[in-house]
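Visitor: Here it is, the structure, as structure tokens.
What follows draws every value from the coordinates through simple rules; no lab data is involved. As the structure is a prediction and not an experimental result, all values here were calculated from the model. Positions of Cβ are backbone-derived with ideal geometry, glycine not excepted, and every protein chain shown enters the neighbour counts.
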Amino acid sequence: MVKSIARVRGVPAEVNFFLVAVSGIIRGRMAQRLHELVGRAMIDPDFLEELRRSPDAVLAEYELSDDERAAVRQALDRLG
């Protein structure tokens with residue numbers, strides 16, 4: 001579902017890939033705080049770039065579980 005929403009809204013391919021990577025890693029219901037982070041990455045390319053450059057600093061701003069942080073890091077690794 002995230003994948004199709006990103007395409008419909010014309011989200012850049014890089015952001016679409018991030019969303020697909022995160023959704024593929026996280027099984028079940030996504031926590032609200034992680035949903036907010038992913039949503040922001042989807043609509044704010046500058047935020048996504050900052051997340052890629054300084055993941056520790058950006059992730060520190062969100063109350064995420066260890067599994068959620070690991071999922072974001074894995075998605076960022078897949079972006080390259």
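Visitor: Whose amide H sits under 5 Å from the amide H of Tyr62, counting only residues 5 or more places off or on another chain, with H placed in the peptide plane?
Guide: Here the answer is none, since no amide H 5 or more places off falls under 5 Å of that of Tyr62.
Visitor: Further question on the same structure: With labels modelled as points extended 7 Å from the Cα through the Cβ direction, what inter-label distance (nm, one decimal) is found for Asp56 paired with Arg73?
Guide: Distance between the two pseudo-spin positions: 1.1 nm.
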